[in-house]
Amino acid sequence: MNAKPDVRLPAVSVIMPVLNEERHLRGAVQAILAQEYAGELEVVIALGPSTDRTDEIAAELVSEDPRVHTVPNPTGRTPAALNAAIKASRHPIVVRVDGHGMLSPNYIATAVRLLEETGAQNVGGIMHAEGETDWEHAVAAAMTSKIGVGNAAFHTGGQAGPAETVYLGVFRREALEQQGGYNEEFIRAQDWELNFRIREAGGLIWFSPELRVSYRPRPSVRALAKQYKDYGRWRHVVARYHSGSINLRYLAPPTAVCAMAVGLVVGAALTPWGFVIPGGYLAAIVAGSVPAGKGLPLRARLQIPVALATMHMSWGWGFLTSPKSLAKRVIASRRPAVVDAAA
């Protein structure tokens, strides 16, 4: 039996969008329920149209602990799931967690303290990628290295301070209500877009390495390529929708794709010197994979260059081929879904 919640601490709602998460859902929810936080806690799982045992596992979790609830998300879209879970939740602090994310034991307690200390509207920390197979170990190494993701603090770590965006996020409910929640037109990049609006309204987004969430990478090259193509595609939509939101880090992958294409064409049609560009890129990612793979098994280390190239090229290709029709659809629906606190 859980101890009586400490009413002096703010109550917390954890929202979780899930779709085909049978592999990790139980562990992710158990990590939430085991948090070292004495305040009141609830978990709201938004269920998409899964084709595996996700719904069955969620029903078991609901029957096992009264703090766990579910709401339907028939669209299967992440931002719609998040808004549905927010509407169904009750508490002044809202913690976003994914179905394959594992919170560190003091995550919520630390986040609540940081909200109070900094006055931020949203705090977040490190997306700590951890694999279970050789391929996932390789992807995790790529996702936590600067050659893989640049200087993004929530991937590679860094000093605590104001940030453009953070991984997942722990929000004050009033910030979500003020912004109308997540913009449901953004299939991807909805976190970045919401945090941009919060900052534009004068709110503070705060990064702290004290906050840590274990993340399970995509299990195949194809799945990773799709993930990063979608990231690039929708990051370009954010750039169209919010002028001034782009920076040099986001332009590096599309620039690399263009340089590789030019080098291959020149090398094949005009002069072998054109192959210097793709050759130099391949040499760079192979060299960068050496420190990134320190301590990993040989089979995992050998796959890091593949993971790096997949991430870079897929993100860049997605950015370059992002259709303008996506931005038009977003702009046509500028007002995000209104989020009302549940009674």
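The values are calculated or read from the model by the stated rules, or taken from the named source; none is laboratory data. A quick note: this is a predicted structure, and the numbers were derived from the prediction, not measured. Quick reminder, even Gly has a Cβ in these numbers, built from the backbone with ideal geometry, and neighbours come from all protein chains shown. For the accessible areas, the whole protein counts, side chains as well, though only heavy atoms, and no ligand, DNA or RNA atoms are used. Shrake-Rupley method; radii C 1.70, N 1.55, O 1.52, S 1.80 Å.
Here are the numbers:
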quantity: Protein accessible area in segment 181-229, 1.4 Å probe - carbon and sulfur %; calculated: 49 percent
quantity: For segment 1-109, convex hull of alpha carbons as volume per residue, Å³; calculated: 85 Å³
quantity: Lysines whose Cα lies under 29 Å from that of K4, excluding same-chain neighbours fewer than 8 positions away; calculated: K87
quantity: The chain: angle of helix 221-241 to the longest principal axis, Cα-based, in degrees nearest 10; calculated: 80 degrees
quantity: Rounded to whole Å, sorted largest first: equivalent-ellipsoid semi-axes of segment 159-253, Cα gyration tensor; calculated: 23, 18, 14
quantity: Per residue accessible area of the chain, 1.4 Å probe, in Å²; calculated: 45 Å²
quantity: Two-decimal ratio, the chain, of alpha-carbon radius of gyration to 2.2 N^0.38 Å; calculated: 1.02
quantity: Shape parameters for segment 36-92, alpha-carbon atoms, Rg then Dmax in Å; calculated: 12.0, 36
quantity: Gyration tensor over alpha-carbon atoms, segment 57-157, equivalent ellipsoid semi-axes in Å; calculated: 27, 21, 14
quantity: Relative contact order (%) - segment 1-122, alpha-carbon pairs under 8 angstrom, separation at least six; calculated: 37 percent
quantity: Length-normalised contact order for the chain - Cα pairs under 8 Å, 6+ apart - percent; calculated: 20 percent
quantity: Filtered trypsin sites (Lys or Arg not before Pro), segment 258-333: DSSP coil and at most 14 other beta carbons within 10 Å; calculated: K294
quantity: Computed P(r) (all Cα pairs; segment 204-269; 10 Å bins; percent); calculated: 15, 28, 39, 14, 3, 0
quantity: Taking all pairs of distinct alpha-carbon atoms in segment 107-186, Kirkwood radius in angstrom; calculated: 14.4 Å
quantity: Candidates V123, V265, V238, ranked by Gaussian network fluctuation over the chain, Cα under 10 Å, top entry; calculated: V265
